[in-house]
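S.K.: The structure under discussion is supplied below as structure tokens; questions concerning it will follow.
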Amino acid sequence: MHVYKCAECGKKFETENFASRCPHCRCKVLIHLEGERRRSRNCAGSCGPGCSCGGGCSH
């Protein structure tokens, strides 16, 4: 389960899969609050907070 908050309208929503748009206002800017983070295709597995893969994944 994933929980997102929309940067545009501020509404929170849950989804089973990764989301790319807010279901309320269709904004593409989402803040991922809960659930497994999506990994970048470029992720080498040795990243930390603030790296370019998007989020300090812990490998």
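The values are calculated or read from the model by the stated rules, or taken from the named source; none is laboratory data. The structure presented is a predicted model; accordingly, all values stated were derived computationally and were not measured. Surface areas here come from the heavy atoms of the whole protein model, side chains and all, with no ligands, DNA or RNA. Shrake-Rupley method; radii C 1.70, N 1.55, O 1.52, S 1.80 Å.
S.K.: Of all residues in segment 1-21, count the ones that are over 11 Å from E34 (Cα atoms), modelled with pLDDT under 95 and open to solvent by less than 40 Å² (accessible area, probe 1.4 Å).
M.R.: Of the residues in segment 1-21, 1 are over 11 Å from E34 (Cα atoms), modelled with pLDDT under 95 and open to solvent by less than 40 Å² (accessible area, probe 1.4 Å).
S.K.: Is it true that G45 is small (G, A, S) and at pLDDT below 95?
M.R.: yes
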